[in-house]
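Derivation of every value follows stated rules applied to the coordinates shown; laboratory data play no part. A quick note: this is a predicted structure, and the numbers were derived from the prediction, not measured. We place every Cβ from the backbone using ideal geometry, glycine too, and count neighbours over all the protein chains shown.
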Amino acid sequence: MREFIVEADGGSRGNPGPAGYGSVVIDATTGETLAEAAEYIGIATNNVAEYRGLVAGLRAARELDPAATVHVRMDSKLVVEQMSGRWKIKHPDMKPLAAEAARVFPVAEQVTYEWIPREKNKHADRLANEAMDAGKRGEQWSASTSTAELDAGLSATAADTDTDTGAATKVAVGWSAPADLGPPATFVLLRHGETLLTPQKRFSGSGGTDPSLSDVGRDQAERVAASLARRGTIEAIIASPLTRTRETAAAVAARLGLDVTIDEGLRETDFGAWEGLTFGEVRERYPDDMNAWLADPKAEPTGGGESFAATARRMAVTRDKLIAAHAGRTVLLVTHVTPIKTLVRLALGAPAKSLFRMELSAASLSAVAYYADGNASVRLFNDTSHLR
């Protein structure tokens, strides 16, 4: 039976703040590095980032050998004690992450945990910092990410803000933030109106098909514009670059007397060779690719399309950029099905498979509020009352 060592770490520059994790899988016999994982995860706390690093490391180990025994080494006393069963998990953000980690290797005896001092966890710590540096540049970490800045000591380390006890973590409970945080950045999420492809439920992403609104879609855009004008809360409008979103945004902007800013980050997923096809047609022509796509968020549509994991990374970077630019304001984002579902999923901390369990109608409104402490609350989802 193979034996692996998983070293994992995570950090947040602000706690909560821009966060990332790093994980490494090591052959326990040879000391050889078998796999590395790192990711910028947007605004989060240290403890969330550490748990995300643990989950990523365990998953990487399981991909190598699901029957292996795994010894986890982390410098987070909180995670080690909670996953060992010696400390009770009280924080609501930690419970689903701990449960997710436990599910990776269903046989509990396969995984053991050990606390190590930070200086013995440098590999995972370096990866976490590389991920946060990449996020600062608007990128995602890759194995080719340069470590020159880290080696020169120019990057902040996760140790600067680490609090294993969670004592410094502020959490917004319920639907409102503590008074000292100020008003949240609120994103009102508008899916574009119908195109001719919408009622046929054909894949329509950013990979070639760029249809205009249909007559029904233009009427929907006018109706949602009138509704938003009555509410009178929108302070800025930002739209995806695709035709259907720009046309929808233009109808709202005309009513509200606002300009429309285009942001490439709000574009729909690229569905590759599936563009213009129905789900059934894709299932018939590309059954293996479809099955893989349904099972794994990292799987790409046929022909080099964009995976849901890649879309999530793009949306996290776009979200954080817009939150920073519009703190305390209410902003209308005119975008598409996958970006809206992804923003909602990330706000809820839900797994990627939840994307398949959300219904999002044309010209529907959703809303997410983002607080200064990094917490978010979903305030509205798939509202179509303005279309009746």
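Computed values, structure above
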item	result
Equivalent ellipsoid semi-axes - Cα gyration tensor, segment 172-306, angstrom	32, 22, 12
Ranked packing of 124-131, 22-29, most packed first, by mean Cβ within 10 Å	124-131, 22-29
Vicinal HN-Hα couplings computed from phi for segment 298-306 (Karplus, 6.51 cos²θ - 1.76 cosθ + 1.60; Hz; Gly/Pro x)	8, 6, 9, x, 3, x, x, x, 9
Cα Rg over Rh - the chain, Kirkwood	1.00
Percent of Cα pairs exceeding the 19 Å cut-off, where the set is segment 77-141	51 percent
Which listed pairs, of 77/122; 88/353; 77/120; 136/341, have C-alpha distances above 20 Å, in listed order	88/353; 136/341
Most to least packed among 7-14, 91-98 [average Cβ atoms within 10 Å]	7-14, 91-98
Simple spin-label estimate for residue 383 and residue 137 in nanometres, 7 Å along Cα-Cβ	4.1 nm
